[in-house]
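*Asks:* Quick one: the structure is below, and I'll ask about it shortly.
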Amino acid sequence: MKTKMKRREFIKIAGAGAGSLVVGSKLYASFNSKDEQNLLADGKIERTPTYCEMCFWKCAGWVYKKDGKPWKIIGNPDDPNSRGRFCPRGTGGIGAYTDPDRLKKPLLRVEKNGKQVFKEVSWDEALDFIAGRMKDIAQKHGPECIALFSHGSGGSYFKTLLHAFGSNNVAAPSYAQCRGPREEAYMLTFGEAVGSPERTDIINAKCLVLLGSHIGENMHNGQVQEFSEAVAHGATVITVDPRFSTAASKSKYWLPIKPGTDLALLLAWIHVIIYEELYDKEYVKKYTFGFEQLKEALKDKTPEWAYPITTIKPHVIRQTAREMAKNAPATIVHPGRHVTWYGDDTQRVRAGAILNALLGSWGRRGGFYFPSKAHLPKMPIPKFPNVKRDWRKAFPNKYPVAHLALSSGICDATIPSPERECSFKGWIVYGTNLPMTLPQPEKTLEAIQHLELLVAIDILPAEITGWADVVLPECTYLERYDNLRLSPGRVPSIALRAPAFEPKYESKPAYWMARELAKRLGLEDYFPAKTIEEYLDYQLKAIGSSLEEMKKIGVKLLPEEAQKLYLEDGEDFEFPTPTGKIELYSTILDEYGFDPIPQYTAHEEPPEGYYRLLYGRAPMHTFGRTTNNPNLHDLMEENTVWINSKVAKQWGIKNGEYITLENQDGVRSTPVKAKVTERIRHDAVFMVHGFGHSDKRLRRAYGKGADDQRLITRVKIDPLMGGTGMRVNFVTFRKEEA
Ligand SMILES: Nc1nc2c(c(=O)[nH]1)N[C@H]1C(S)=C(S)[C@@H](COP(=O)(O)OP(=O)(O)OC[C@H]3O[C@@H](n4cnc5c(=O)[nH]c(N)nc54)[C@H](O)[C@@H]3O)O[C@H]1N2
Ligand SMILES: Nc1nc2c(c(=O)[nH]1)N[C@H]1C(S)=C(S)[C@@H](COP(=O)(O)OP(=O)(O)OC[C@H]3O[C@@H](n4cnc5c(=O)[nH]c(N)nc54)[C@H](O)[C@@H]3O)O[C@H]1N2
Ligand code: SF4
Ligand SMILES: [Mo]
């Protein structure tokens, strides 16, 4: 590929003809543990520790082989994240290994008979090409013009590589498209982020308030288990969702709010808590800053004010606020996880944080605990070079509270513009399928056209790989080591991921790839361990364990470092904020000229005949990464679009009928099945994200269902931290096309 290149084409190649391995439900058959112990002792079955990569909760478990063949994956009982159980996606993980559509060899974009095609190349050829192109870009534009997008375990090695190379432009969609606003809102308020796993003490909660958070469909394992136990103990659940979610079905109160108005509800709740004097007076006095300003600012934000905005009746707002106060401090207003909704997300999440502060639940049993802060020793490496330009330069005076690079921002700043002195020229993309992950996919594809280098590291021929110059096939998590999983949580724990199988085809682990590139770039000193085993053993020996021991136990709890979960009664405590207090009134936002106390602003409403497009999760899939998995595909082959029964009747849409959706900008979806239901409001539709793959090489998932991203042609950007609010698109129905 030349610098003045031809327009980049999406490369489709026919899937390889390998017959698919038949793996069915018998895979999950289980023995009773006594039989299992005997079989293990006889060597008839073997087990290898892992932590799961099917989502980002990182549950630790065991991979079993019987007669050398994959048999089952189950949770490790010593692991706090899985609590001994895996979710359906985790058990289906073997399908990631057996999927015949996997990437098999490194691929290089070449031109053949005037057409761009992928040529299978050796690892040396692929890595030499990448290193050569990286050096060219560094020489011409500076190393900072290369960015890394990453999501998943192996991304950390490429992060080291990029920092060593002289760029700190490392972005993850899990920030600007996911939990960025939440982490910043909690930092502003309490001086600390929520983190993952969330520091919510759900198991001890007496009242749990969910705004959107659709636990049960959002299958983060340990959280779902704690939620079920809290429900079983009789905890009051208040679910605010325009859709009757699984969580709503377990709730005492379901508040079917008008989408986009949660901030008004939160302000009204705060109003009730303050003006009915239901707040934790001692806690507020001792630990918070700005109570009087808050009280004054919200004096007219009554439930009556919020009613026409939210459609939630004033008496329901009062009753639910009292319910929260009655159970405080064992009340959690859940901070949410995917919170990039409407562009005022940091402020909305901050309103929830303020409510938690008034209820006194931060640092209290049944509220938010203080997670452990354990760390693992690292092998010494040279200092990273100073960067001359970092991602912030691309956005002068914007997004002042952002702590991490913005994936969508780097994408924007790849499209040359007179406002910027330099744009990005190279992308390394590890484990994230940008065309389906970033909103405004047309913009993503436009940015890609301006690149001099695009490397995609994936296990599958995901859409992003079709746009790459070089595709590097990683082996799956079942075929590799990775960094030790260090989870904070109530008790710090580490988990080992060791390979249960040899890497299939010519796939390789990320550690090896990053180190080989480092060698070619003269940066080998940043990867002092020749193999990852050596690195892991070094770290483990430093904490009194070893790789050998971890292979036998999989999970180890680290000794607690005089850590406490909760504040003691009346304890003096300094919060890591500028005032040393919980900032109900944010001094940082004040300084930057933003509302120091959240204010409600109205969002655009759907035009006549249009409905707001909402999206979320299904329990058996993780985004688009599992829809081609042979074990999980069968559990849910396609998504549906939820349409309110009355609306469907008006449009003459029948349950199960295929329709297409058209958004406000005239963009159409692929055909998708209608799910006609009372379980969603009349002004919105809902679909599960991750379907509608357009790459034919994903033979099972190709063309099944519709991709919500395609319809997300507009975003509202959070002015505080740059997150992309994506629930600002409206769709109407087209029947003739389907
Ligand atoms: N099975 C499975 N579980 C997963 C994942 C997965 O892919 N699959 N992904 C994981 C990841 S990375 C994340 S970030 C989390 C995301 O999971 P959550 O943070 O729980 O997701 P939400 O953004 O809350 O979005 C979904 C819910 O918001 C509701 N909603 C839509 N608009 C509004 C609104 O305006 N107001 C209110 N109150 N509700 C609204 C929708 O109806 C839906 O029920 O899930 C995690 N868990
Ligand atoms: N429209 C819309 N957009 C969204 C969301 C939404 O709900 N709707 N959710 C947002 C959220 S919350 C998040 S966190 C992001 C998530 O976005 P992503 O992290 O991009 O999630 P996936 O689409 O699953 O893409 C993961 C890619 O990693 C590959 N992969 C899987 N395992 C491995 C591995 O072991 N190694 C390597 N190298 N690759 C692997 C998969 O094949 C896939 O191509 O998306 C965000 N974008
Ligand atoms: S929640 Fe499920 S998919 Fe996610 S890591 Fe745990 S077992 Fe794997
Ligand atoms: Mo996410």
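The values are calculated or read from the model by the stated rules, or taken from the named source; none is laboratory data. In this text the structure is predicted, and so the values were computed from the model without any measurement. Cβ sites come from the backbone with ideal geometry, for glycine too, and all protein chains shown count toward neighbours. Side chains included, ligands, DNA and RNA excluded: accessible areas come from the protein's heavy atoms. Shrake-Rupley method; radii C 1.70, N 1.55, O 1.52, S 1.80 Å.
*Asks:* Looking at the stretch 436-459 only, could you name the residues that are under 28 Å from Arg497 (Cβ atoms) and open to solvent by 20 Å² or more (accessible area, probe 1.4 Å)?
*Replies:* Passing the criteria: Thr437, Asp458, Ile459.
Quick grid of which residues meet (1) under 15 Å from Gly352 (Cβ atoms); (2) more than 16 Å from ligand 3 (Cβ to nearest atom); (3) free of Cβ contacts under 8 Å to residues at least 60 places away in the same chain:
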{"site": "Cys178", "(1), (2), (3)": "no, no, no"}
{"site": "Phe190", "(1), (2), (3)": "yes, yes, no"}
{"site": "Glu198", "(1), (2), (3)": "yes, no, no"}
{"site": "Leu208", "(1), (2), (3)": "yes, yes, no"}
{"site": "Gly222", "(1), (2), (3)": "no, no, no"}
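*Asks:* Looking at Ala230, Ala176, which one is more than 9 Å from ligand 1 (Cβ to nearest atom) and over 21 Å from Asn81 (Cα atoms)?
*Replies:* Ala176
*Asks:* Output the number of the condition that Arg392 fails; it satisfies all remaining conditions of (1) more than 17 Å from Gly723 (Cα to Cα); (2) open to solvent by 50 Å² or more (accessible area, probe 1.4 Å); (3) not in a loop (DSSP other than H, G, I, E, B).
*Replies:* (1)
*Asks:* I'd like to check something: does the stretch 253-272 contain any residue that is closer than 27 Å to Gly690 by Cα, open to solvent by 20 Å² or more (accessible area, probe 1.4 Å) and within 16 Å of ligand 4 (Cβ to nearest atom)?
*Replies:* Taking every residue of the stretch 253-272 in turn, none turns out to be closer than 27 Å to Gly690 by Cα, open to solvent by 20 Å² or more (accessible area, probe 1.4 Å) and within 16 Å of ligand 4 (Cβ to nearest atom).
*Asks:* Pull up the stretch 612-642, narrow it to residues that are small (Gly, Ala, Ser) and within 14 Å of ligand 4 (Cβ to nearest atom), then point me to the one that is surrounded by the most Cβ atoms within 10 Å (Cβ to Cβ).
*Replies:* Gly624
Residue-by-condition table, conditions (1) open to solvent by less than 20 Å² (accessible area, probe 1.4 Å); (2) closer than 24 Å to Ala510 by Cα:
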| site | (1), (2) |
| --- | --- |
| Lys159 | no, yes |
| Ser167 | yes, yes |
| Pro173 | yes, yes |
| Gly180 | yes, no |
| Met187 | no, no |
| Glu192 | no, no |
| Glu198 | yes, no |
| Asp201 | yes, no |
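*Asks:* Being assigned to a loop (DSSP other than H, G, I, E, B) and either exposed (fewer than 15 other Cβ atoms within 10 Å of the Cβ) or in contact with a Gly (Cβ under 8 Å, 6 or more places away or on another chain) (or both) is the filter here, so list the residues in the stretch 587-611 that pass it.
*Replies:* Scanning the stretch 587-611 gives Gly593, Pro596, Ile597, Thr601, Ala602, His603, Glu604, Glu605, Pro607, Glu608, Gly609.
*Asks:* Being open to solvent by 10 Å² or more (accessible area, probe 1.4 Å) and of a type in the set (A, V, I, L, M, F, W, C) is the filter; apply it to the stretch 60-80 and report the residue that is farthest from ligand 3 (Cβ to nearest atom). Let's see the steps before the verdict.
*Replies:* Step one: of the stretch 60-80, the residues open to solvent by 10 Å² or more (accessible area, probe 1.4 Å) are 62, 65-71, 74, 77-78, 80.
Restricting the remaining residues to those that are of a type in the set (A, V, I, L, M, F, W, C) gives 62, 71, 74.
Working: Trp62: 12, Trp71: 17, Ile74: 10 Å.
Result: Trp71.
*Asks:* On to the next question. Go over the candidates Lys299, Lys295, Lys398 one by one and state the one that is in the same structural domain as Glu524 (by TED's automatic domain parsing) and either among the polar types (S, T, N, Q) or out of contact with any strand residue (DSSP E or B) (no Cβ under 8 Å at 6 or more places or on another chain) (or both).
*Replies:* Result of the check over Lys299, Lys295, Lys398: Lys398.
*Asks:* Can Ala96 be described as within 16 Å of ligand 3 (Cβ to nearest atom) and under 17 Å from Leu472 (Cα atoms)?
*Replies:* yes
*Asks:* Continuing with this model, one more query. Name the residue that is surrounded by the most Cβ atoms within 10 Å (Cβ to Cβ), counting only residues in the stretch 407-428 that are among the charged types (D, E, K, R) and within 23 Å of Asp718 (Cα to Cα).
*Replies:* Here the answer is Asp412.
*Asks:* On the basis of being more than 16 Å from ligand 2 (Cβ to nearest atom), touching a residue at least 24 places away in the same chain (Cβ under 8 Å), under 17 Å from Gly92 (Cβ atoms) and not assigned by TED's automatic domain parsing to the domain that holds Val224, does Trp57 make the cut?
*Replies:* No.
*Asks:* Additional query: Could you check the stretch 224-280 and list, in sequence order, the residues that are among the polar types (S, T, N, Q) and assigned to a helix (DSSP H, G or I)? If you could, list the steps in order and put the result at the bottom.
*Replies:* So the first thing to find is which residues in the stretch 224-280 are among the polar types (S, T, N, Q), and the list is 225, 228, 236, 239, 245-246, 249, 251, 261.
Matches in the stretch 224-280: Gln225, Ser228, Thr246, Ser249.
*Asks:* Which of the residues belonging to the stretch 431-444 are away from ligand 1 (no atom under 16 Å from the Cβ) and either without any contact (Cβ under 8 Å) to a residue 60 or more places away in the chain or closer than 22 Å to Thr622 by Cβ (or both)? Break it down stepwise before answering.
*Replies:* Taking the stretch 431-444 as the starting set, the residues that turn out to be away from ligand 1 (no atom under 16 Å from the Cβ) are 435, 440-444.
Within the stretch 431-444, Pro435, Pro441, Lys443, Thr444 meet the criteria.
*Asks:* May I pose another question? Of the residues Arg480, Arg485, only one is basic (Lys, Arg), under 30 Å from Asp201 (Cα atoms) and modelled with pLDDT of 95 or more; which?
*Replies:* Arg485
*Asks:* Quick check: anything in the stretch 412-430 under 30 Å from Lys551 (Cα atoms), within 9 Å of ligand 2 (Cβ to nearest atom) and modelled with pLDDT of 95 or more?
*Replies:* The initial filter retains those residues of the stretch 412-430 that are under 30 Å from Lys551 (Cα atoms), namely 430.
From what's left, within 9 Å of ligand 2 (Cβ to nearest atom): 430.
Now drop any that are not modelled with pLDDT of 95 or more, which leaves 430.
Yes, the conditions are met somewhere in the stretch 412-430.
*Asks:* A further question on this structure: Give Cys145, Cys87 a once-over and let me know the one that is touching a helix residue (DSSP H, G or I) at 6+ places or on another chain (Cβ under 9 Å), open to solvent by less than 30 Å² (accessible area, probe 1.4 Å), within 16 Å of ligand 1 (Cβ to nearest atom) and hydrophobic (A, V, I, L, M, F, W, C).
*Replies:* Going through Cys145, Cys87 in turn, just one is touching a helix residue (DSSP H, G or I) at 6+ places or on another chain (Cβ under 9 Å), open to solvent by less than 30 Å² (accessible area, probe 1.4 Å), within 16 Å of ligand 1 (Cβ to nearest atom) and hydrophobic (A, V, I, L, M, F, W, C): Cys87.
*Asks:* From (1) in contact with a strand residue (DSSP E or B) (Cβ under 7 Å, 6 or more places away or on another chain); (2) open to solvent by 50 Å² or more (accessible area, probe 1.4 Å); (3) without any contact (Cβ under 8 Å) to a residue 60 or more places away in the chain, pick out the condition that doesn't hold for Phe244.
*Replies:* The one condition Phe244 does not meet is (3).
*Asks:* When both residues are 6+ apart or on different chains and their Cβ atoms are under 9 Å apart, which pairs have a first residue that lies in the stretch 604-617 and is within 24 Å of Gly690 (Cβ to Cβ), and a second that is within 16 Å of ligand 3 (Cβ to nearest atom) and open to solvent by 50 Å² or more (accessible area, probe 1.4 Å)?
*Replies:* Partner pairs satisfying both residue conditions: Arg617/Phe623.
*Asks:* Now for a different question. Can you tell me which residue among Met687, Met721 is touching a helix residue (DSSP H, G or I) at 6+ places or on another chain (Cβ under 8 Å), in a strand (DSSP E or B), buried (at least 22 other Cβ atoms within 10 Å of the Cβ) and touching a residue at least 12 places away in the same chain (Cβ under 8 Å)?
*Replies:* Answer to the check: Met687.
*Asks:* From the list Thr476, Thr465, which residue is within 16 Å of ligand 3 (Cβ to nearest atom) and surrounded by 22 or more Cβ atoms within 10 Å (Cβ to Cβ)?
*Replies:* Thr476
*Asks:* Go through the stretch 341-375 and report how many residues are in a loop (DSSP other than H, G, I, E, B), more than 19 Å from Thr310 (Cα to Cα) and not charged (D, E, K, R). It would help to see each step written out before you state the result.
*Replies:* In the first step, residues of the stretch 341-375 are kept if they are in a loop (DSSP other than H, G, I, E, B); the result is 341-344, 360-361, 363-367, 369-375.
Imposing the further condition that a residue be more than 19 Å from Thr310 (Cα to Cα) reduces the set to 360-361, 363-367, 369-375.
Remaining after also requiring not charged (D, E, K, R): 360-361, 363, 366-367, 369-372, 374-375.
Of the residues in that region, 11 qualify.
*Asks:* Residues that are of a type in the set (Asp, Glu): list the strands (runs of 3 or more DSSP E) wholly contained in the stretch 42-147 that include at least 1 such residues.
*Replies:* On the way: elements: 45-51, 60-66, 69-75, 107-112, 115-120.
Counting at least 1 such residues, we get 45-51, 107-112, 115-120.
*Asks:* Here's a check for you: in the stretch 224-236, which residue that is in contact (Cβ under 8 Å) with a residue 40 or more places away in the chain and under 21 Å from Pro619 (Cα atoms) is surrounded by the most Cβ atoms within 10 Å (Cβ to Cβ)?
*Replies:* Looking at the filtered set, the residue picked out is Val224.
*Asks:* On to the next question. Regarding Lys673, is this residue in contact with a strand residue (DSSP E or B) (Cβ under 6 Å, 6 or more places away or on another chain) and open to solvent by 30 Å² or more (accessible area, probe 1.4 Å)?
*Replies:* yes
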